[in-house]
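Student: First the structure, which I've put down as structure tokens, then a few questions once you've had a look.
The values are calculated or read from the model by the stated rules, or taken from the named source; none is laboratory data. Bear in mind that the values here come from a model prediction, so they are computed numbers and not experimental data. Cβ: placed from backbone, ideal geometry, glycine included. Neighbour counts: every protein chain shown. Keep in mind that these areas ignore ligands, DNA and RNA; they rest on the heavy atoms of the full protein, side chains included. Shrake-Rupley method; radii C 1.70, N 1.55, O 1.52, S 1.80 Å.
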Amino acid sequence: MTHSTTTAPDGAPRPGDASGAGAAADGRRPRRFPGPRGPGGPRRPLTASSRENRAGLAFVTPTVVVVTVVVVLPILWTVLLAFQNARLVDIQGMGLLGDWTLENFQAVFGSPGFWTSLWTTLLYTVGSTAGSIALGLVAALALRKPFRGRGLVRGSMLLPYVAPVVAVAFVWEIALSPQFGIVNEWGAKLLGWDDPVAFLSTRSYEVSLLGLDFEVPLALLTVIAFETWRYFPFAFLFLLARLQAVPDSLEEAAKVDGAAPTQRFRHVLLPQLMPVVALLCVLRFIMEFNKFDDVYLLTGGGSGTDVVAVRVYEFLTARFDVGAAAAQALVLAVILMALLGLYFAFFGRKVQEESS
């Protein structure tokens, strides 16, 4: 009966390893298998945290690459173009670093109508953001309680948001047409309009109310109404989800205390909704401030709806001035960041205090 031996650290064979005994008998060193080596010495096995870090890095790397290619590089390229005298025909032959100049920004700030366009953009953004959130809140409150057909009604609320913008813009243009639009027909029959109203091509319209005559920017208000109708489902989804999460016991306790519906909304529901409303204000403000397609499809930027995004498009397509268009876009981004910074500085803390 044979016994196996193993090799001791000093080279002597130990019981338990036959191969070690044979290796010692013929004068060869026992075979050692390489293990993990650390810096300057034998490699150590990976810990659980190290394996998790490598797995996390492997998952994050594709996202980082996509964001870098799709977001970071175009932004850097836009910044470089904003400081160069670049025309559309010169793009292919331009290098990364050309002749630096500030003429593009001088052309942007010195162009006629820039400050008016910026003011129009602010009015359009604030009006569209407030209108879409307010209408979404009304719809969420109306469809909160269960009733027969509630699912169908909720689904139909999403149609303005999911429909193609070209299709809905065309429908609005036909409905508001002064020649054959249904809105003017209803206005003449029900409201007694003497003349048809060109909603999308009238810069200012005189209105008489309570004995007072004043002018309103009709085309701009029409575009704001379109934005409110088209994007209120976005706010509706957020607000309805938050309302569904409010415990029923809070409202039941308020009812027991004799609170009116307006009081229950003001003191029970609204504090629960404030974080969502604050988030919606930020998201909708960013989206509307950069909005181009809706305004351009409805009015082409005319009749007092010349927002900054449309001016960027005009610099690029009408003047073929890529540098000026990039400078205009950079100015737009800086103004947006400044406005968001003011919002977070003055209103974000207040909203957080009210919701806590």
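Student: Highest mean first, how do 301-310, 163-172, 257-266 rank when packing is the count of other Cβ atoms within 10 Å averaged over residues?
Tutor: The most tightly packed comes first, giving 301-310, 163-172, 257-266.
Student: Work the Kirkwood hydrodynamic radius out for the stretch 127-205: mean of 1/r over every pair of different alpha-carbon atoms, inverted, in Å.
Tutor: The Cα-based Kirkwood calculation yields 15.3 Å.
Student: Report the full-extension gain for the segment Val126 to Leu279: residue separation times 0.36 nm, less the Cα-Cα distance, to one decimal in nm.
Tutor: Using 0.36 nm per residue and subtracting the Cα-Cα distance, I get 53.6 nm.
Student: Quick check: convex hull over the Cα atoms of the stretch 241-356, volume per residue in Å³, rounded to an integer?
Tutor: So the per-residue Cα hull volume is 141 Å³.
Student: Something else about it: Once R0 is set to 22 Å, what does the formula 1/(1 + (r/R0)^6) return for the Cβ-Cβ distance between Thr116 and Ala225, expressed as a FRET efficiency to the nearest 0.05?
Tutor: Result of the calculation: an efficiency of 0.55.
Student: Follow-up. Once amide H atoms are placed 1.01 Å from N in the peptide plane, what residues at a sequence separation of 5 or more from Tyr205, or on another chain, have their amide H within under 5 Å of its amide H?
Tutor: Val216, Leu218
Student: Let me ask something else about it. Ordering Val66, Val331 by how much accessible area each has at a 1.4 Å probe, largest first, what is the list?
Tutor: Largest accessible area first, the residues go Val66, Val331.
Student: Ranked highest first by the average count of other Cβ atoms within 10 Å around their residues, in what order do 290-297, 70-77 fall?
Tutor: With the highest mean Cβ count within 10 Å placed first, the list reads 290-297, 70-77.
Student: How large is the accessible surface of Ser208 in square angstrom, using a 1.4 angstrom probe and rounding to the nearest 10?
Tutor: About 90 Å², ignoring ligands and nucleic acids.
Student: If I model a spin label as a point 7 Å beyond the Cα along the Cα-Cβ vector, how far apart are those points for Val66 and Arg148 in nm?
Tutor: 4.6
Student: Please give the solvent-accessible surface of Leu141 in Å², to the nearest 10, using a probe radius of 1.4 Å with every protein chain present.
Tutor: Solvent-accessible area, nearest 10 Å²: 60 Å².
Student: Residue by residue through the stretch 297-306, what is 3J(HN,Hα) from phi via Karplus (6.51 cos²θ - 1.76 cosθ + 1.60, θ = phi - 60°)? Round to whole Hz and write x for glycine and proline.
Tutor: 5, 7, 10, x, x, x, 6, x, 10, 7
Student: I've got another one for you. For Gln84, enumerate residues with amide H under 5 Å from its amide H, sequence gap 5+ or separate chain, H modeled in the peptide plane.
Tutor: Those qualifying (amide H under 5 Å, at least 5 residues apart or on another chain) are Thr101.
Student: Let me ask something else. In whole Hz, what ³J(HN,Hα) sequence does the stretch 127-133 give by Karplus (6.51, -1.76, 1.60; θ = phi - 60°), x for Gly and Pro?
Tutor: Here the 3J(HN,Hα) series is x, 5, 5, 5, x, 5, 5 Hz.
Student: Please list, in order along the stretch 174-184, the HN-Hα scalar couplings obtained from phi with the Karplus expression 6.51 cos²θ - 1.76 cosθ + 1.60 (θ = phi - 60°), rounded to whole Hz, x for Gly and Pro.
Tutor: Working through the residues one at a time gives 5, 5, 9, 4, x, 7, 9, x, 6, 5, 5 Hz.
Student: 7 Å from Cα along Cα→Cβ at both Trp186 and Tyr313: what's the point-to-point distance in nm?
Tutor: 2.8
Student: Shifting gears a bit: Under a plain spin-label model, where a point goes 7 Å from the Cα along Cα-to-Cβ, how far apart in nm are Leu141 and Lys255?
Tutor: Output for this residue pair reads 1.7 nm.
Student: Also, quick follow-up: Just read off the accessible area of Trp119 with the full protein assembly in place, 1.4 Å probe, to the nearest 10 Å².
Tutor: The value for Trp119 is about 150 Å².
Student: On the accessible surface of the stretch 281-350, probed at 1.4 Å, how many percent belong to carbon and sulfur atoms?
Tutor: Here it works out to 72 percent.
Student: Can you send over the carbon and sulfur percentage of the accessible area for the stretch 160-262, probe radius 1.4 Å, protein chains only?
Tutor: Carbon-and-sulfur percentage of accessible area, whole number: 64.
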